[in-house]
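A.B. asks: I have a structure here, written as structure tokens, and I will follow up with some questions on it.
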Amino acid sequence: MTEPSPPSLVQHAIRRLRQDILEGRMPPLHKLKIEVLRDAYGISSTPVREALTRLAQEGLVTNDLRRGFRVAPMSLDDFADIIRLRLIIESDALAVSIHQCTEAWQTKVRSSYEQLMITASMMNDGPSSTPKEWAEVHKSFHSAIISGCGSARQLEICDALYDQAERYVRLSARTRAIPRARGREHEMLYEAVLGKNLDVALPLFRQHLELTLRSIGDQLGNTEPLESPTLLEGSAL
């Protein structure tokens, strides 16, 4: 019987794999060979296998008995489904968070928004991959506004769905002419959330995700099939 790996090694493998997948170094349907990942990450096979299993549960990886582990495929239908689920689950988490409105939650929302705006002010216009710093603070803001819902399980689901959507966002950023970070979407959402105005916050949140769906759908709908590795950076892994 294989002994479980130390949590630190598994978390290290999860972080590396998630980053490589989200940043496009491992394209859709890319075969994830344990022995190759083991050598690339400098850790043993057991934590790599545990990390792949974990990411399969999160939807970033698939696991087939015949084909082994692969990066999950991408399609516009899949992205639309991710957004649909985010609208259902995150809207509920946001509504509960606003209703509870604890001081700790308000502080977390303010802090995450300040970091978001600082990072947005430093972004350059023009086509480019989404800067790592922006991706991190953007996720922190979206996580913060729903963090007061009181359900760890619901937040785990939201986190997994966010990462699944993030693959599409980063792919579309290659051809985005003007970063949406400069718009007022986040500012208006922030003001409505801290103002405890559900009648404004929830429609703004829905509009924010629906705009993401439309803009990315328009961009990616005119490219090669999303399963094509040519859309993403190659990988030696």
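A.B. asks: Report yes if some residue within the range 41-62 is touching a residue at least 40 places away in the same chain (Cβ under 8 Å), within 30 Å of residue 202 (Cβ to Cβ) and touching a Gly at 6+ places or on another chain (Cβ under 8 Å); otherwise report no.
C.D. replies: Looking through the range 41-62, none of the residues is touching a residue at least 40 places away in the same chain (Cβ under 8 Å), within 30 Å of residue 202 (Cβ to Cβ) and touching a Gly at 6+ places or on another chain (Cβ under 8 Å).
A.B. asks: Does the range 30-44 contain any residue that is under 30 Å from residue 150 (Cα atoms), more than 20 Å from the chain's Cα centre (by Cα) and crowded, with 17+ Cβ neighbours inside 10 Å?
C.D. replies: Checked the range 30-44: no residue is under 30 Å from residue 150 (Cα atoms), more than 20 Å from the chain's Cα centre (by Cα) and crowded, with 17+ Cβ neighbours inside 10 Å.
Residue-by-condition table, conditions (1) at pLDDT below 85; (2) in a helix (DSSP H, G or I):
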residue	(1), (2)
125	yes, no
130	yes, no
138	no, yes
166	no, yes
200	no, yes
208	no, yes
213	no, yes
219	yes, yes
227	yes, no
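A.B. asks: Something else now. Cβ-Cβ under 7 Å, sequence separation 6+ or interchain: first residue in the range 85-109 and in contact (Cβ under 8 Å) with a residue 12 or more places away in the chain, partner open to solvent by 70 Å² or more (accessible area, probe 1.4 Å). Which pairs?
C.D. replies: 87/206; 89/157; 91/206; 96/150; 98/196; 100/150; 101/196
A.B. asks: Residues in the range 45-60 that are buried (at least 19 other Cβ atoms within 10 Å of the Cβ) and either under 20 Å from the mean Cα position of the chain (by Cα) or farther than 22 Å from residue 156 by Cα (or both): how many?
C.D. replies: 4
A.B. asks: Kindly establish whether residue 120 is of a type in the set (A, V, I, L, M, F, W, C), assigned to a helix (DSSP H, G or I), open to solvent by 10 Å² or more (accessible area, probe 1.4 Å) and under 30 Å from residue 149 (Cβ atoms).
C.D. replies: no
A.B. asks: Quick one: count up the residues across the range 73-111 that are under 16 Å from the mean Cα position of the chain (by Cα) and open to solvent by less than 60 Å² (accessible area, probe 1.4 Å).
C.D. replies: 13
The values are calculated or read from the model by the stated rules, or taken from the named source; none is laboratory data. A quick note: this is a predicted structure, and the numbers were derived from the prediction, not measured. For neighbour counting, all protein chains shown are included, and Cβ atoms are generated from backbone atoms with ideal geometry for every residue, glycine included. We work out accessible area using only protein heavy atoms, side chains counted, and drop any ligands, DNA or RNA first. Shrake-Rupley method; radii C 1.70, N 1.55, O 1.52, S 1.80 Å.
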